[in-house]
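Below is one structure, written out as structure tokens; the observations come after it.
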Amino acid sequence: MKNKELKFRVTQIQGPVQNQLMHSSDGQGYSPSVPGSYSHQTPVKVPPHQSSGQYNYSGSQNVSQLNNYQGPGQTLNRPPVAPYSGSPVQQTGPVPQVLLPTLPNSAAVSSAGSFPPGASPPVLSNWQYSQTPVSQPVGSQASHLAQVTGTGSAQPLSSLSGNTNPPGSYQYAASPGSPPLQNSYMKPGSAPPPVTQPLTPLHPPARPPLGPPPVGGPPLIRPSALVAGPPNTQSLLNSAANREGDATSAASDGSAVQNSYDAIEGGGLMATPHPSPAPPNLKVNRSVGYSYPALPPGYQNTSPPGAPGMQASALQYPDGSKHFHQPALGANHLTASMAGLSLQQEGLRPVNLLQERNILPTTLLKAPVPNLHEEIQKLNCSPELFRCTLTNIPQTQALLNKAKLPLGLLLHPFKDLSQLPVVTSSTIVRCRSCRTYINPFVSFLDQRRWKCNLCYRVNDVPEEFMYNPVTRVYGEPHKRPEVQNATIEFMAPSEYMLRPPQPPVYLFVFDVSHNAIETGYLNTVCQTLLDNLDLLPGNTRTKIGFITFDSTIHFYSLQEGLSQPQMLVVSDIEDVFIPMPENLLVNLNENKELIQDLLKSLPQMFTKSLETQSALGPALQAAFKLMSPTGGRISVFQTQLPSVGMGALKSREEPNQRATAKDIHLTPSTDFYKKLALDCSGQQVAVDLFLLSGQYSDLASLGCISRYSAGSVYYYQSYHHKHNPVQVEKLQKELKRYLTRKIGFEAVMRIRCTKGLSIHTFHGNFFVRSTDLLSLPNVNPDAGYAVQMSVEENLTDMQVVSFQSALLYTSSKGERRIRVHTMCLPVVTTLSDVFLGADVQAITGLLANMAVDRSVSATLSDARDALVNAVIDSLSAYRSSVLSIQQPGLMAPYSLRLFPLYVLALLKQKAFQTGTNARLDERIFTMCQVKNQPLVYLMLMTHPSLYRVDNLTDEGALNINDRTIPQPPTLQLSVEKLSRDGAYLMDAGSVMFLWIGKNCGQSFISQVLGVPNYGSIPQNMTHLPELETAESIRTISFISWLREQRPFFPILYIIKDDSPLKSSFLQNMIEDRTESALSYYEFLLHIQQQVNK
């Protein structure tokens, strides 16, 4: 091996890079700050790929050994190398792990995902991806295997893949009522946003118990023929081509070791401790009533659990009784017998969309409330965290197919919460079969036994769980906080760790080419970092490091004892290595002065650089090698197309072809960034990309580095500190939120559901590690996820079904925690009830995710056709099967009255629109947002809110912390709603427009805008002056309150009739016709024509 120790330059940082002094260096050993946790000895020369496995991008693959995960391995139905539809990848590589000694209390862990040789676990869902009725044989596969797929050109959207994530947002204090961290744009004492109402623990005096499923129930619905769509376009939901291949058993050699996250979190699907062997390629019987093995003494730790300050509700069991007789959950526990009460009449009331034009509600649309008994619904998970597209679950796949609506979940798992019960007990009670966490929807057969609400297994109540830490009473397990809160967080014991919890490690990678320095971004970023250095989440173990790059890579030694930082320049970008690895990532607290010196000097160091090349790929390889011993977060700032070294790209944007929906480059041009992201994921490293560019930078390729490593993408188009100063404030605000918000490290998430339901596709930024385990090297409170589901086995005799997401993560304080959310929904047997429970916003959000995948795997026009077909098919099904009297016009159930409007809004959104004004990177960034935004933000970007603000009053205003927040009604997005004598605020999520009419009242212009007349309003005004007038205070309060609701900072543009930005404002008028898109009324006529065929 070449002696590479001397192949770099060392520079004392004291001026521009041009004056570089040569130094030699010697590598010192590294002693970790926490004994026994990490040996951070990066070899001076690391092999280019630390993974032993090969990447295989063929159309179908198997998952590597499920219970012994050794690197990123993924099997999903994805086209190869697609940026928005995770391609199947197979790779094995080392995961940094410190195997713990066997613990006395390891029964709970070993049963989680360990199987004897040759065994496959019984499955919770048999992973049929087809939309065909469950009676049809679809293909044989063994449990725990992800589906395999080819890459056909025009597949149904329903079968396109994406990704998901678990609910979670943690607080560092163990008390449930402690205040949340101030991570938003709120000023101290400002109003909490409407979308983040606190999750208050709900304590009803009693609730009807959820008993075993009754014997005999509603009649089965026979599979019915699918309604045919237009002959030449495939339906978004129901053309349902079967995209599975033959998956073979992956757990055949069976040597299960407790060194995988799969085993720790608890086997997915229905992992029993001692399952009977199942031959490969055979369907495992999913009935759960057969022989249960004797329970080993799994929960022995008896330290008294403590969760002070929580109250609990009672389940009104007879005192002193050993057996609690619970009636089965029957119709009396639902709000109505589902046969025609007032609530239902409203939800199913036919609406003629062509006649009723003012259907948009004047207040923000709320999620529908599931049709459950009030006491059960009180315990349900908040729709802000966990939402289903159908709040009435169809009993059979045939019924779901008939409704032509997608079934799926939308999650915001790590959301910041103002109240979160935290349980510190060393006993975490879980089902012995399917590993579900005990929750409010289980049923207690008596004091000593509880029945799982997902697989119906009867479990013993551990001795420690008999004691209630809240009431300090023994013998009331049903009153424990775990059984009274649908959202809860557990402090995880050591069995839930593969290694000691990692320290928070933050590595910043800066583009310092001539182009980057010219934008001035480095000043803003370094200053924001300086200002927030003490607010980075972490503790005494927090580490930080810096890399800069142009055509070479520059490391910065921050060794204790140096008077100033040293720059180490590595010019060999073809074979990147790490010089002096022990001094490049340093303890933040111990080296704060050196770090501050570096941040102050960095912006000036490269001002005279003429280097225009960008070696982003090699810089990321170096960052990965530096981070891989511990894991952590890489924040990379890039301003142009990478031009040299690995991962170099060429421009693919042709401005003249922007208008066509064909041949636009939505797929990556190289798999380099995806492969590197998978390497990162295997070593618990996430990469966040900040793209600040005025030129085409091929975000379709670059975005893969964040997508598959569970990172985020930020895009600042045409960023320049002088030419585009409004972007500077946006970057400052968003970077502050990014740096100071909560973060979870080395996380995994699993979503479970009642047997009979199965999850087949995930959407979001992550990597699917085994069939249903999502790998999230970092998890943040601003990320959303979605999953698609099917009804795999008829839900006969079930009155309700449940869904549970579990997020296992390491907090920035070094605590291993588990955030659990559980949701319960009723099962229905009629088509009218399915339509009654439709959640139109959740449906739109899921379809948007599916459409992104379709755009990438097929074409943009296919995705657009599929979105339109989703409306046509569902309204056709309603017309033909639910409407008793055929009426002229376009009829929709009241629950879906906004469906055509929202789909038209999607078609006009940057991700899916046609026309010349969508730059390719901008389109790709919008697609990234669709896949990674929680539903509430996605809907705002899709269908903006319009308010009249020149006549704000205190009527109906919110009063929060001595602030009065006006609540003007929302208006339809049409120019006909604008008056020239008014002022209108459009909130489009990431941007706001304040349009001032030509004849707007003089008082508003002078008392809010602070100028004498309309003509004096500046052309590029982006801030409202803070004036001491009632009008000014009201307007600024309202805009500030809107901004506080979200993790990104919307710029406010104040525009007049002659403003250049007026076209952007009008483009968001969804209901009006544009050069390339129909008006809302024309769109309804088109839908009517297709429905009536």
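The values are calculated or read from the model by the stated rules, or taken from the named source; none is laboratory data. None of these values were measured; they are calculated from a predicted model. Cβ: placed from backbone, ideal geometry, glycine included. Neighbour counts: every protein chain shown. These area figures cover heavy atoms from the full protein model, side chains too; ligands, DNA and RNA do not enter into them. Shrake-Rupley method; radii C 1.70, N 1.55, O 1.52, S 1.80 Å.
The residues of segment 814-836 that are touching a Gly at 6+ places or on another chain (Cβ under 6 Å) and farther than 30 Å from ASN778 by Cα amount to a single one, LEU836. State the number of residues belonging to segment 718-730 that are open to solvent by 20 Å² or more (accessible area, probe 1.4 Å) and assigned to a loop (DSSP other than H, G, I, E, B). Adding up the residues that qualify gives 5. Within segment 455-492, the set of residues being in a loop (DSSP other than H, G, I, E, B) and modelled with pLDDT under 90 comprises PRO469, VAL470, THR471, ARG472, GLY475, GLU476. Could you tell me whether SER709 is in contact (Cβ under 8 Å) with a residue 40 or more places away in the chain and either over 19 Å from the mean Cα position of the chain (by Cα) or outside any loop (DSSP other than H, G, I, E, B) (or both)? No, not satisfied. For VAL569, the conditions (1) open to solvent by 10 Å² or more (accessible area, probe 1.4 Å); (2) within 20 Å of THR612 (Cα to Cα) all hold with the exception of (1).
Please go through segment 903-959 and pick out each residue that is among the acidic types (Asp, Glu) and open to solvent by 30 Å² or more (accessible area, probe 1.4 Å).
First pass over segment 903-959, keeping only residues among the acidic types (Asp, Glu): 921-922, 950, 954-955.
Across segment 903-959, the qualifying residues are GLU922, ASP950, ASP954, GLU955.
When segment 971-986 is filtered for residues that are open to solvent by 20 Å² or more (accessible area, probe 1.4 Å) and touching a strand residue (DSSP E or B) at 6+ places or on another chain (Cβ under 7 Å), the ones remaining, listed by number, are LEU971, LYS977, LEU978.
Applying a threshold of 9 Å to beta carbon distances and a minimum spacing of six or more residues, or different chains, the list of pairs starting in segment 405-433 at a residue that is without any contact (Cβ under 8 Å) to a residue 24 or more places away in the chain and ending at one that is open to solvent by 10 Å² or more (accessible area, probe 1.4 Å) and among the hydrophobic types (A, V, I, L, M, F, W, C) is empty.
Among the residues of segment 439-454, is any within 20 Å of LEU807 (Cα to Cα) and in contact with an Asp or Glu (Cβ under 9 Å, 6 or more places away or on another chain)? So far as segment 439-454 goes, yes, one or more of its residues are within 20 Å of LEU807 (Cα to Cα) and in contact with an Asp or Glu (Cβ under 9 Å, 6 or more places away or on another chain).
Checking each residue in segment 1069-1087 for being touching a residue at least 60 places away in the same chain (Cβ under 8 Å) and out of contact with any helix residue (DSSP H, G or I) (no Cβ under 9 Å at 6 or more places or on another chain) picks out GLU1075, SER1076, TYR1081, LEU1085. Of all positions in segment 361-368, none carries a residue that is in a loop (DSSP other than H, G, I, E, B), among the hydroxyl-bearing types (Ser, Thr, Tyr), open to solvent by less than 30 Å² (accessible area, probe 1.4 Å) and out of contact with any Asp or Glu (no Cβ under 7 Å at 6 or more places or on another chain). Among the residues making up segment 452-474, those that are more than 13 Å from CYS753 (Cα to Cα) and open to solvent by 30 Å² or more (accessible area, probe 1.4 Å) are VAL458, ASP460, GLU463, TYR467, VAL470, THR471, ARG472, VAL473, TYR474. Considering TYR456, TYR437, TYR474, the condition of being in contact with a strand residue (DSSP E or B) (Cβ under 9 Å, 6 or more places away or on another chain) and within 24 Å of GLU375 (Cα to Cα) is satisfied by TYR437 alone. Number of residues in segment 1037-1093 that are buried (at least 16 other Cβ atoms within 10 Å of the Cβ) and part of a loop (DSSP other than H, G, I, E, B): the value is 16. Consider segment 987-1036 and keep the residues that are of a type in the set (Ser, Thr, Tyr) and in contact (Cβ under 8 Å) with a residue 60 or more places away in the chain. The one that is surrounded by the most Cβ atoms within 10 Å (Cβ to Cβ) is THR1035.
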